[in-house]
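Visitor: Let me give you the structure first, and then I'll get to my questions.
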């Protein structure tokens, strides 16, 4: 290339990547940024609990029976004398453990399966995968999750396995639809023409181009996992070792009838704020990553 050609290329404005444009758009969304800060605050609390820096006495009997809120016990203590504030803080770690594990594994499994199904759409491989999707989705969600959790109740990860068993199909269907559209694009046709292996086409060219869908689905699955844990723990099929917002609400079910609301309000309040913030974050993320809007 001549010097004039190189100079001309240097003068051309550099085109921003779609990811950079999406990031700038998300940063301009005040509601999205505010919700992200709330989620990050919860995550910091979870990290502090993981590090053993806070809520270290969540299971200790600190008083003789229930005590009202005070400087030493901000939300009071439950009927066993355990500090409600420490228990609700420790439950934040449980929520993130469940949410992250279920969201990451479900998104990975759904993305990979959906990409394979979409690439082989119309073939026997696609038909088998669609049949599996349909079988799992026709079973009532909580009935299926409860059955799996009950069958694996001795396993500490029974609840995680139960959720993952059903959550991945939604992501798979969305990725499948996107891959069916992408596989007819010129860059995929070019890869086929030069003899690129089908596995590389699926996992190096098609699947990375569905990342925006997988990210949004993962954020939604995180919230769904937290809410499902609350329901399963309330039914006695959730967290076994430790404490969670679901277990606290379950414990409070008998207290509310007696006019004792501290346990219930603390657990449901913390859960409500995190779920609301993550829902708003997911909406803003989806808007920022929408290919039709990021130009």
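Visitor: Stokes-Einstein at 25 °C, 0.890 mPa s, Kirkwood radius from Cα pairs: D for the chain in µm² s⁻¹?
Guide: The diffusion coefficient I find is 112 µm²/s.
Visitor: Subtracting the Cα-Cα distance from 0.36 nm times the residue separation, let me have the gained length for residue 287 to residue 272 in nm, one decimal.
Guide: Residue separation times 0.36 nm, minus the Cα-Cα distance, leaves 3.1 nm.
Visitor: Still on this structure, please answer the following. Relative contact order of the chain: what whole-number percent is it, with Cα pairs under 8 angstrom and at least 6 residues apart?
Guide: Reported relative contact order: 24 percent.
Visitor: With a cut-off of 8 Å between alpha carbons and a minimum separation of six or more residues, what is the relative contact order of the range 147-295 in percent?
Guide: In percent, rounded to a whole number, it is 20.
Visitor: Along Cα→Cβ, 7 Å out, is where each label goes; now give me the distance between the ones at residue 34 and residue 157 in nm to one decimal.
Guide: Distance between label points: 3.9 nm.
Visitor: Using the beta-carbon distance between residue 261 and residue 138 and R0 = 41 Å, what value does 1/(1 + (r/R0)^6) give for FRET efficiency, to the nearest 0.05?
Guide: FRET efficiency, residue 261 to residue 138: 0.55.
Visitor: Of 189, 251, 127, which is the most mobile in a GNM of the chain whose springs link Cα atoms less than 10 angstrom apart?
Guide: Largest GNM mean-square fluctuation: 189.
Visitor: Distance in nm between label sites at residue 64 and residue 124, each 7 Å beyond Cα in the beta-carbon direction?
Guide: Computed distance between label sites residue 64 and residue 124 equals 7.5 nm.
Visitor: Rg and Dmax in Å for the range 183-295, alpha carbons only: what are they?
Guide: Just the Cα atoms of the range 183-295 yield Rg and Dmax of 22.0, 73 Å.
Visitor: If you don't mind, another one. Report the Cα centroid-to-centroid distance between the range 125-153 and the range 181-258 in angstrom, as an integer.
Guide: After rounding, the separation between the Cα centres reads 15 Å.
Visitor: Along the Cα→Cβ direction, 7 angstrom out, place labels at residue 72 and residue 24. What is the inter-label distance in nm?
Guide: Modelled inter-label distance: 5.7 nm.
Visitor: Follow-up. With everything on Cα atoms, drop me the angle between helix 245-256 and the longest principal axis of the chain, reported from 0 to 90° to the nearest 10.
Guide: 30
Visitor: In the range 92-107, which residues have a backbone nitrogen under 16 Å from the label point lying 7 Å from residue 43's Cα in the Cα-to-Cβ direction?
Guide: Answer for the range 92-107: 92-105.
Visitor: Hey, in the GNM for the chain with a 10 angstrom Cα cutoff, which one of 59, 283, 241 fluctuates hardest?
Guide: Sorting by GNM fluctuation, first place goes to 241.
Visitor: What is the ratio of the Cα radius of gyration of the range 142-211 to 2.2 N^0.38 Å, with N the residue count, to two decimals?
Guide: 1.62
Read the figures in this text as sums done on the coordinates, not as results from a lab. Just so we're clear, the structure is a prediction, and the values are computed from it rather than from any experiment. Positions of Cβ are generated from backbone atoms using ideal geometry, with glycine treated the same way; all protein chains shown enter the neighbour counts.
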